[in-house]
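To start, the structure under review is shown below, and the notes come after it.
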Amino acid sequence: MKKNYIYILIAFLALLFVSCSSKIEMELKKDGSIDLAFTGETGKGLEKLIRTSQNIMAEKPVFNTKGIQADLMADNFSNVKVTTPTNNSLAIKMTDTEKKSLFFTSGVVQVKNNKLLVNISPRILVNFYEAADPELSMYLDMLLSPVFNGEEMTDHEYLELVKGFYGDDVAQEIKKAEINLVLKNPDGTKSEHKISLVEVLTLNKSLQLE
């Protein structure tokens with residue numbers, strides 16, 4: 001896996017460790033292209049981890065917008081726009097015209113009967129982890145998630161593990177965090193899903209959202 005996925009991963013993880021206002025929105029257009037939008041604000045615990053790992057000064061934005069934009073464009077996205085409304089928030093808009101981005105090649109996002117379908121399973125997450133280069137694996141390891149290693153752990157066990165490594169602030173952020181997913185189809189239908197971040201990081205079953 002290319003090193004440029006580091007920026008993409010950091011941006012994506014940041015949108016997961018956030019308040020309930022975070023959102024991932026995907027819209028399948030009539031021409032077959034897909035518009036994706038991410039918005040969110042990092043919690044204080046994750047912000048500290050990112051700043052420490054990336055040596056980012058407190059007065060500067062957490063996210064490298066130019067780096068994220070360049071890397072998303074290299075991952076077959078077009079019309080990419082990345083902004084930081086505040087120093088610890090991020091907004092991304094982009095289009096996948098040929099379904100060749102990581103979201104589709106990994107099997108997470110599919111189009112079936114002209115409708116969007118999102119698949120999340122332990123096997124998909126393990127495959128993603130195993131395909132990562134050492135530097136990307138390091139960032140994934142920071143999550144302490146058992147799902148990347150094919151292991152099982154209860155929500156409580158996982159949160160206690162996080163608390164032991166990063167403190168209660170980060171553990172509480174993860175506990176409260178939700179992935180807010182909106183799927184829009186060409187026929188005008190729309191579905192909204194809220195998934196607990198802990199459920200994903202301790203996933204022991206397949207999730208299919210449409």
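The values are calculated or read from the model by the stated rules, or taken from the named source; none is laboratory data. Quantities reported herein were computed from a predicted structural model and do not represent experimental measurements. So basically every Cβ, Gly included, is an ideal-geometry build from the backbone, and we count neighbours across all protein chains shown. With ligands, DNA and RNA removed, areas are computed over all heavy atoms of the protein, side chains included. Shrake-Rupley method; radii C 1.70, N 1.55, O 1.52, S 1.80 Å.
Is at least one residue of the stretch 48-63 under 30 Å from THR189 (Cβ atoms) and at pLDDT below 85? No: zero hits. Taken over the stretch 165-184, the criterion of being open to solvent by 20 Å² or more (accessible area, probe 1.4 Å) and over 14 Å from ILE24 (Cα atoms) is satisfied by PHE165, TYR166, GLY167, ASP168, ASP169, GLN172, GLU173, LYS175, LYS176.
Pull out all pairs, ordered by first then second residue, where Cβ-Cβ is under 6 Å, the residues are six or more apart or on different chains, the first lies in the stretch 171-186 and is at pLDDT below 90, and the second is in a strand (DSSP E or B) and open to solvent by 50 Å² or more (accessible area, probe 1.4 Å). Filtered contacts from the stretch 171-186: GLU178/LYS194; ASN180/LYS23; ASN180/LYS194.
Taking residues in the stretch 45-62 that are among the β-branched types (Val, Ile, Thr), and partners anywhere that are assigned to a helix (DSSP H, G or I), the pairs with Cβ atoms closer than 8 Å and at least 6 places apart or on different chains are ILE50/ILE10; ILE50/ALA14; ILE56/ILE50; VAL62/ALA14; VAL62/GLU47; VAL62/ILE50; VAL62/ARG51.
Let's see how each residue does on (1) of a type outside the set (Val, Ile, Thr); (2) touching a Gly at 6+ places or on another chain (Cβ under 6 Å):
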{"residue": "SER22", "(1), (2)": "yes, yes"}
{"residue": "GLU27", "(1), (2)": "yes, no"}
{"residue": "GLY32", "(1), (2)": "yes, no"}
{"residue": "ASN55", "(1), (2)": "yes, no"}
{"residue": "THR84", "(1), (2)": "no, no"}
{"residue": "ASN87", "(1), (2)": "yes, no"}
{"residue": "LYS99", "(1), (2)": "yes, no"}
{"residue": "THR105", "(1), (2)": "no, no"}
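In the set (1) open to solvent by less than 40 Å² (accessible area, probe 1.4 Å); (2) farther than 25 Å from ASN114 by Cβ; (3) at pLDDT 85 or above; (4) not hydrophobic (A, V, I, L, M, F, W, C), LYS205 fails one condition alone, (1).
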